[in-house]
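First up is the structure itself, then whatever we jot down about it.
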Protein chains: 4
Amino acid sequence: MQEPDEPRVEAWERRTDVPLTIVGLAYLVVYAVQVLAFRGSDPGWFALDVVLWVIWGVFVVDFVGRLVLARRKWRFIGRHPFDLLVVAAPFFRFLRLLRLVAVVSSLARVLRDDFRGRVGSYLLVSVSLIGFVAALAVYEVERDAPEASITSFGEAVWWVLTTITTVGYGDRYPVTTEGRFVAAGLMLGGIAILGTVTAAIATWFLEQVGARDASEALHPAGPTETELLIAEVRALRARIDELDTRPHAGAPD
Amino acid sequence: MQEPDEPRVEAWERRTDVPLTIVGLAYLVVYAVQVLAFRGSDPGWFALDVVLWVIWGVFVVDFVGRLVLARRKWRFIGRHPFDLLVVAAPFFRFLRLLRLVAVVSSLARVLRDDFRGRVGSYLLVSVSLIGFVAALAVYEVERDAPEASITSFGEAVWWVLTTITTVGYGDRYPVTTEGRFVAAGLMLGGIAILGTVTAAIATWFLEQVGARDASEALHPAGPTETELLIAEVRALRARIDELDTRPHAGAPD
Amino acid sequence: MQEPDEPRVEAWERRTDVPLTIVGLAYLVVYAVQVLAFRGSDPGWFALDVVLWVIWGVFVVDFVGRLVLARRKWRFIGRHPFDLLVVAAPFFRFLRLLRLVAVVSSLARVLRDDFRGRVGSYLLVSVSLIGFVAALAVYEVERDAPEASITSFGEAVWWVLTTITTVGYGDRYPVTTEGRFVAAGLMLGGIAILGTVTAAIATWFLEQVGARDASEALHPAGPTETELLIAEVRALRARIDELDTRPHAGAPD
Amino acid sequence: MQEPDEPRVEAWERRTDVPLTIVGLAYLVVYAVQVLAFRGSDPGWFALDVVLWVIWGVFVVDFVGRLVLARRKWRFIGRHPFDLLVVAAPFFRFLRLLRLVAVVSSLARVLRDDFRGRVGSYLLVSVSLIGFVAALAVYEVERDAPEASITSFGEAVWWVLTTITTVGYGDRYPVTTEGRFVAAGLMLGGIAILGTVTAAIATWFLEQVGARDASEALHPAGPTETELLIAEVRALRARIDELDTRPHAGAPD
C-alpha cells in the first residue's frame, strides 16, 4: 500500500487484484503457447497475437482507471514507472518486450500483497517468473537470427541461468539487439533478486549451524553490544524498582 | 533440532546420526569409485550399482521411519523437502542426480550438529562436499556426450571451481541436459555457500588489521552509536545510584 | 564538502559548479561526436581534437585555481587524486583515457551536491555516465585493431553491460592494451557502483513485501532486538513518571 | 598480535619484522626477474634458483625459531597454516607455487601491523601483491604449454584482472594443472579481498552523497532506530535530573 492518501486508488486495486492476476497469467500462458508452438509466419501466431492485444486492453483500462482515480496524478505516474509502459508501449519500437515488462510488473504488484510476510516464497516466484519470461522472450527474438547460439527453448533457459547467476560461460549469448535488451533487463532486474535469494539462502545456511550472520561465523559467540545494552537497561529498571519499594531514608514507617 | 515438539523423531535422529554418516560416506565412496574407475558398459559398473541401491535402501528406511514417528506428518515433509527425494527419486527421470542431492543433504544434517559453533569448518566441508559431488556427477553425464568439453575428472573439478566462484570462463561447460541440471544445483546451492565463505574470509581479513567491517574500513575509528548509547545508559545508572545514596532534600538525617 | 577548513576552496567550488558542469558535459558531447562520427584520419577528427584541448584548458585552470587557494596544498592533492590527472595527463601515454577519467570525476563532484539525499538517482546517473564513457573509449581504441571483437558502438555498449554486471560472456572483449586499461577502470570503478545499485534494488524489492533486510526474509517477523530495547526504555520512563506523581511512602499529604 | 599469551614469539616477531619484509620483497624481486628475464633452460634461471633457495632458508629459520619459542606448539601451527608451508613445501609437488603462498603470507603478516588503521591502503597493497604474484606464477607455468592462451606477462595480468573481478571472459584461461592451482588460489584468496575493496569503494561512494549505507540510499533520511533510542534515554536522564532538583512532594522546604 504505497498511497495511504489515495483511498480511491486503493479501493480500485483491492477489487481488481484477483481479476488482474488471472488476466496477467492468461497473457503469459498465451504468449508462451505462441512462442513455443508457432513461428512468426504461422496463421496461429497471428490469431494468438490478436488475443494478446485484447488482453493488453484490460491492462490499459486498469492503468487509466487508477490514473483517473488518483488525486495526485504526476506522483502516481512517478511511482508506477512500469505501469506507464502499458500506455506508452505502442509508441516504442520494442513493443512486445516492453509489454512483457508491464505484465510481469503487474503480476508482481498483485503477488506482493499475497506473499506479504513470506518473502522467501515471493522471491522464488519472482525470480522464476522473470527467468521464464526472459527465456521465452530471448528465444522468440534469437531463434531465427543468423549466427544465433540460442536456438531452442532449453538453451534459452540455460542461458538465463548462466546470466542470472553472473557465471556467464559465453557458450550461449544473444546476438540480436532485441535479445540484448532482454539480457539487459534480466541482468539489472534479475541479478538483484537472485542476489537477495542467495543472501537468504546463506542466512538460512548459517542459521542451521547456529550463527546469526557471516561476520559471527568466525568469532567466539559472546553477547552482542545490543544484548549487553538490554541487560544494562534491565538492571537499571530493577534498581529503580528497588528504590521504590524500599522505605525512603529518614521517612517514618 | 527443528522439531522441539517432535520428541520421537529427535530420539530417532540422535540414534541414527552416526550410522547414517557412515552409510552416506559409503554411498559417496562407492559412487566415486564407480564413476572414476568404470564406465556405464562395464560389469564392475553394474555390480557397484547394486551396492548403491542397497545403501539407498537404508536412506529410504530412515526417512520412512522418521515419517512414521512424526506427529504432524505433512509439516515434517514440508520441512524436509530434500529427504522426500529419497522416496520420490525412482519416479523421476534424473534418478541418480536426485539421489546425490538426498545423500548430500543427509550428510549435511548429520554434520550440522557436529560442527555447531565451528561455522568456518562447516562451510569449508560443505562447499568441498558439494563441489566434489558436482564434479563426479557432471563428469559421469558429460564424458561420453558428443562435443562435450568436460572429458576428465580434473576438468570437471576445474569447471566446478570456475562455476562456484561465478568466474565462468566458458572453456569448460556442460552440454547435456543432465549436466546442466547439475550446474543449476551447483550454482544455486554452492554459490550461496561460497558467498558465505568469502564473506567470512573478508571478515577475518579485516579483523587482521583491526577494523570490524568493510564500512568501517574507510572511516575514522570514533565510537559507534551503540557505544554512545551504552555510555549514556551507564551514566543514567550512576545518576540513579547517586540519587539513592545521597540523603533526600529536606529529609531529617 | 570535504574541506570545512578550506573556506576559499569551497567558495571557488560554489561559484564554478554550474559552469564546470556545462564544460564537462560539452567535453563529453564533443568527444562522443568525434568518436561516433569520425575516424582518426579524418580532418573533422582533428578539428574536434582542438576543441577538446581548449575545453581541457578550462579544467586545468579550475584545478590550478583550487590548488592556489588551498591552504594545505599537499593534503588537497592527496584528496583529489583524479583531479591531479588534469595537470599530469600530458605526461602520460594514455592521455585521452586519463582525461576522460578526470572529466567524469569532475562531473561526479558537481553532480554530487546536486543529488545530495537522492542517492538512487545519483547512482543511476553515475553508472550510466561511466558506462557511456567506457563504451565510447573502448570503441575508439578497439575498432581498428586486428582481431578486435568490439567493432561497433552497439557492441561496445553490450560489452560494458556484460562487464559491469560481471557476467562476462566473452563474446566481446578488448584486445588492445588501451582497451584493457579501459576495462580495468570499468571493472574497478563501475562494478562497485553497480553493486551499490543492485543492493539498493534488492532493498527496494524487500521493502515491497514488508521485510527490512535479507536476513529477515526467512525469519518470522517478531520484534528486533532494538525494538525490544526501545520498549524496555519506554517502560522505564513510565515507571519513573509513576514514581514521581504518586505521593511518597510515608510523606504527609 | 594473535598470541597475547606467547610473549617470546611476540618479541621475536617484533625484532624480525623489518628484516623479514626485506627478505620477502627480495624473494619476490628475484622471482620476478627470473620469470620475466629467463626461461627454465637458461643458466641465469638456475643461478637465480639458487638465490631463491638461500632466501627461502631464512623463512625456514624464522618459522622454526617461532615454533621453538611458542609455548603451545600445536596451537601455534594451527594458527599459522600458511607458515607451515615453509617447512612442508619441499615434500609437496607444486613446490614453487606453495613457496609463493608462504612468502605472500609472511609479507602480509609484516605489512599488517604497519597498516593497522589504514585498511583501505592495506587492502589495495594486498590485492596488488596477490595479483602480481599470481600473474608471475601463471605466466611461468603457462607460457610453454601447448594450446596455452596466456603467453605473455601482459596477458597474465589481464587474466588476473578478469578472474579477480569474477568477470571471466574466457579469452584467456590456464590450461595446465599448475596454472589451475594458481587460479584456485587467486579465486579463493583474491576474490574475498577484492570483494572487501569493492565494498569499501561503495561505502566511500555513498559517503560522497551523504548516505551511510546502501539500504539508506532509497529511504527518506528520517532518524534511525538507534537515534530514536538515544533521544529516549537522554529524555529519561533529563526526567531524573528534574526529579532530583525539584523539592519532593510534601517535603518541608
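The values are calculated or read from the model by the stated rules, or taken from the named source; none is laboratory data. As the structure is a prediction and not an experimental result, all values here were calculated from the model. Cβ sites come from the backbone with ideal geometry, for glycine too, and all protein chains shown count toward neighbours. Heavy atoms of the whole protein, side chains included, go into the accessibility calculation; ligands, DNA and RNA do not. Shrake-Rupley method; radii C 1.70, N 1.55, O 1.52, S 1.80 Å.
General observations
- Matching residues, the stretch D:13-52, being more than 26 Å from D:ILE130 (Cβ to Cβ) and open to solvent by 30 Å² or more (accessible area, probe 1.4 Å): D:ARG15, D:SER41, D:ASP42, D:PRO43, D:PHE46, D:ALA47, D:VAL50
- Matching residues in the stretch C:139-151 - criterion: being closer than 15 Å to C:PHE38 by Cα and open to solvent by less than 30 Å² (accessible area, probe 1.4 Å): C:TYR139, C:GLU142, C:ARG143
- Some residue of the stretch A:222-242 being at pLDDT below 70, surrounded by 18 or more Cβ atoms within 10 Å (Cβ to Cβ) and assigned to a loop (DSSP other than H, G, I, E, B): no
- Which numbered condition A:GLY190 misses (of (1) more than 7 Å from every other protein chain (Cβ to nearest Cβ); (2) assigned to a helix (DSSP H, G or I); (3) at pLDDT 90 or above): (3)
- Residue in the stretch D:196-219 that is assigned to a helix (DSSP H, G or I), of a type in the set (Ser, Thr, Tyr) and modelled with pLDDT of 90 or more present: no
- Filtered by the rule that a residue be open to solvent by 20 Å² or more (accessible area, probe 1.4 Å), without any contact (Cβ under 8 Å) to a residue 40 or more places away in the chain and among the charged types (D, E, K, R), the stretch A:152-194 gives A:GLU155, A:ARG172, A:ARG180.
- Evaluated against (1) in a helix (DSSP H, G or I); (2) at the interface with chain D (Cβ under 9 Å from one of its Cβ atoms); (3) modelled with pLDDT of 85 or more, C:ARG172 falls short on exactly one condition, (1).
- Among the residues of the stretch C:106-122, none qualifies, meaning not one is at pLDDT 80 or above and under 16 Å from C:TYR31 (Cβ atoms).
- For B:PHE38: the one exception among (1) of a type in the set (Phe, Trp, Tyr); (2) more than 20 Å from B:SER105 (Cβ to Cβ); (3) modelled with pLDDT under 85: (3)
- The one condition in (1) out of contact with any Leu (no Cβ under 7 Å at 6 or more places or on another chain); (2) assigned to a helix (DSSP H, G or I) that C:ASP144 fails to fulfil: (2)
- Inspection of the stretch A:195-205 identifies no residue that is among the small types (Gly, Ala, Ser), more than 12 Å from chain B (Cβ to nearest Cβ) and buried (at least 21 other Cβ atoms within 10 Å of the Cβ).
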